[in-house]
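Worksheet: one structure, shown below.
Throughout, read-outs are computed from the coordinates displayed, never taken from laboratory work. As the structure is a prediction and not an experimental result, all values here were calculated from the model. As a convention, Cβ positions derive from the backbone with ideal geometry for all residues, glycine included, and neighbour counts pool all protein chains shown.
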Amino acid sequence: MSGLGGRIGRQVVALLATLLAVSVLSFLLTSLLPGDPAVAILGPSGITQQSLASARRALGLDHPLVQRYWDWLGNVVHGNLGSSFITHISVSSELRQHLPVTLELIVLATIFSVVLAIPFGIWSGYRAGRADDRIISLLAFAGLAVPTFVVALMLILVCAVDLHWLPASGWVPLTQSPWQNFRSALLPALALALPQMAVNVRVLRSDVAATMQSDFVTFAVAKGLPLRKILFRHAFRPSSLSFVTVMGLQIGFLLGGTVIVENLFSLPGIGQMLVQSILSRDLITVQGLTLFIATGFVVINFVVDLAYSLIDPRIRRGRNIATV
Amino acid sequence: MTGTPVAATSRPDGTASADPLLVVESLTTTFGIDGSEFRAVDGVSFELQRGATLGIVGESGSGKSVLTRSILGLLRRQRAQVTGSARFEGRDLISAPEKELRGIRGAGIGIIFQDPMTALNPVMKVGKQVAEVLTVHKGMNRAEANRRAVELLDEVHIPSARTRAGQYPHELSGGMRQRVAIAAAIACRPRLLIADEATTALDVTIQAEILDLLDELRRDLHMSMLLISHDLGVVMGRCDHVAVMYAGRIVELGRTTDVLVHPMMPYTRGLLDAIPKVDDPAHTRLAVIPGQISPAHVRAPGCSFESRCALADDQCRAAAPELQPAGAERSYACWHPAGADGGTVPVDERIESTLGQAR
Amino acid sequence: MRGAVARHGIVRTLSFVWIALVILAAIFASLLPIPKPDALDPFRRLLLPGSAGHLLGTDDLGRDILSRLIYGARVSLIVGAASFVCGLIAGGAIGIVAGYAKGKVERVLMWAMDVILSFPALVLLIGLVAYVGRSLFDISAVLGFLAIPIYARIARAQTLSFTERDFVLAARASGSRPRDILLYELLPNVWPPMVAYGLVAVGLTIVVEGSLSFLGLSVSAPTPSWGGMIAGGENYLRNDPGLVLIPSAVMCLTVLAFNIAGEALGAKTSKVGRA
């Protein structure tokens, strides 16, 4: 148990502790912040003595804080995030409808940002210090300063407005037409991917540049391997490890980014749902979504950590010791 | 070739060959650092016959590793300028295009580096690191190459080679890793094997094992070998010829026995004195050569060993001595060579006995 | 090589000049010879840049773009400064205490920071703003709060690397009070890398606030903000892309300038740290 199993055990405990803290924080959003949540939910116009009392009862505000938390957590664990005060639709069923769009965007954007970054990052690292590396590095650095929504607008301007290649907004579900679905997802996914790509290129470049200096790359060259194999098999694979750790953070940025592109491209994902619920002051929905997104993020980071230890045999060593 | 004192090495039996495997001529490697130039290798010339072994000895900074890397074109990515020539089987490696070199590296010339901890890719199974040489140079498919890789691991005496092939470098000991590197280097039956400080990072006992393995492989596979080390002791019993490098130049060269018994250059003498003697009383202080190689950019026009040499005089400070022949297969670069005036240097019994053991 | 260094020197200088320009313009906006940012000019709508009286043109309501850019800079800069100050003071204090105290205190503090970081920043921000409100003060407070964890991490790491150094050990051995060690021995060494990160973080904060404004979730309508201007120009992307391009360019340049300034300072402080 001192090996991989033990480490996973410790990570699971840390994961549960963090999730608990996340749930407390999400819960406190409606409970502790200034102002009566019932008032906030009803809005300034809808307040009467009676509606206030019933809203407070519905929220369980007449119970002590700790009990309210446990009741709420019990519901959450059973998949019940409450129902919107405005539409009276259950938050979790609404979430289920919107989730596929966001997931598709995140998956596509991750693929784009990685696939596009790999050739530039590897080449830039291989040519470290030369003119082509400088240009790539400079562009990547400048790319860090361009917000997602600006990238999105530029893409719309070029690909949709000027060239009429792709739709500027709207969503076609995958089940309806895979091709149209891809077309509707392409621009938003690219908008999400490009700022991330800049980050990835920088990370990969510095890693590859360092790996190129290592003895085993020199040995690979001395073995007479072609450049392609030296770069991909010997320089990229060891470098891809820190790439994987960045991915965890990246998903966090992407989750934030989807909020923007979904609203910009009118895509029915959870980001749009979040903004709509905020604009309509639908606080139960906001609370449920925040909890859901944060939980997803924490779990994804956990999985990335695991993947990291699976990819690197040096970290995986624990398992071999355990089995010997 | 006239004019340049080419130090010739020859076959083990002493007969010179018209068809040497490797001919290095006036090889110079210059690094540009912050505008100033640094000559890591400075006009090195030597020949290596088929089946012969040449030891290159010198302390760190003497340029031995840069020399081998220059020959194989491994410095092309660095900002190094390499001039002169290194003809391997008649083809000049220095001017060869990268593509041609790629076909020679790993196939015609195998090389092993100093540190087996870092020379193997940490995230790749060792069997595959051997097999990839075969797929590239021999056009084998993956299954064939993997099978052959196991045979090669067996050939370098790795026990239970099949299991080991599926393991990662960190699961192997240092000596084992160096054997893997050797297996990769000899996979394509190269005509030349370069061992660049191949045993320096290993324990003494393992050092001897690896050296014996190299010897065995060299004989069985009829390879020539360049054995590079900072340690004269490593080179002693295993090389037909030895070249002593100092500050980027060969300062003494000849048959191993001759050089060790009659060192002409004071630096070689110093290296010999630095070898611990078996019959020394315990806690004897080792003789050391005082100082270190002066950085190239502050080097004066004179002999680069001048500042550390007991025999140095005005002549040494004024001009650097050229490498000049002294009898058969022997050359040296010194204004005050020992034994040049006919006087004999006392033969060191220690060296004799070491040579005797190795033979 | 030397040429490249000089070029980078110029880029760095330009960055600092641009930052200074934006800050000065924002502070002295009311003294500048420009129209009021909310002054409507209904007969001169959607003017192109270079028009008489409106250097950068006007928007769909006939408001002067240059003026709105300059007044909009106030929002970006105030928000950036708020996160900088909050992060430096609160994050710095938490990080130094955690790094100096070690043990349980350190674990609890850093775990709390990790919990905040375990929310995707923009989502937590949007969630918080929904409850707290959208006045400039609210937005600044929330962004300031969210800035704390990363500053705390940097401060802790930096503190850890100094607590074992001779001068701190000497101060401890000579019986200095912990408070004095924190203030006089650790603080002067801990803040430089925080400031370097802080400049980059200011750029990040400007992007985040811009995203909020763009979504219509930041400061409300009459107050000009860069993100809001870009959102407003979205409908005119086809016929008058300048409405989007100009504020986008100004925003990107400002963020880039802060990034470069941060990197430059970071390189400098890490050199000092090594020496």
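General remarks:
- Other protein chain Cβ atoms within 10 Å, averaged over every residue that makes up B:71-80: 2
- Exposure proxy ranking, count of Cβ atoms within 10 Å, fewest first, for B:E100, A:E262: B:E100, A:E262
- Gyration tensor (alpha-carbon) shape descriptor, region B:107-148, a/c threshold 1.5: oblate
- Shielding by other protein chains, B:176-185, mean Cβ within 10 Å: 1
- Relative contact order (%) - criterion: Cα under 8 Å, at least six apart; region: chain C: 22
- Cut-off under 5 Å, modelled amide H: who pairs with A:V172 long-range: A:S184
- For region A:170-196 versus region B:167-229, the inter-centroid distance based on Cα atoms is 55 Å.
- Amide H partners (placed H, <5 Å) of C:S51, local residues excluded: C:G57
- Ordered by the count of other Cβ atoms within 10 Å of each Cβ, fewest first, C:L245, C:L186 give C:L245, C:L186.
- For the peptides B:81-88, C:15-22, the ranking by packing is B:81-88, C:15-22, with the highest mean count of neighbouring Cβ atoms within 10 Å listed first.
- Inter-chain shielding of C:251-258 (mean C-beta neighbours from other protein chains, 10 Å cut-off): 4
- Global geometry of the protein assembly as shown, whether rounded, prolate or oblate, following the gyration tensor of its Cα atoms and the 1.5 cut on a/c: prolate
- Think of it as helices only: each DSSP H run of n ≥ 4 in the protein assembly as shown is worth -39500 (n - 2.57), and spread over all residues that comes to -18500 deg cm²/dmol at 222 nm.
- Amide hydrogen proximity for B:I56: with H placed 1.01 Å from N in the peptide plane, the residues at 5 or more positions away or on another chain lying under 5 Å are B:L227, B:I228, B:S229, B:A243.
- Shape category assigned to region A:172-298 from the gyration tensor of Cα positions, a/c cut at 1.5: prolate
- Sorting A:122-135, A:140-153 by their mean Cβ neighbour count within 10 Å, with the most densely packed peptide first, gives A:140-153, A:122-135.
- Neighbour-count ranking [beta-carbon atoms within 10 angstrom, fewest first] of C:Y184, C:Y236, C:Y100: C:Y184, C:Y236, C:Y100
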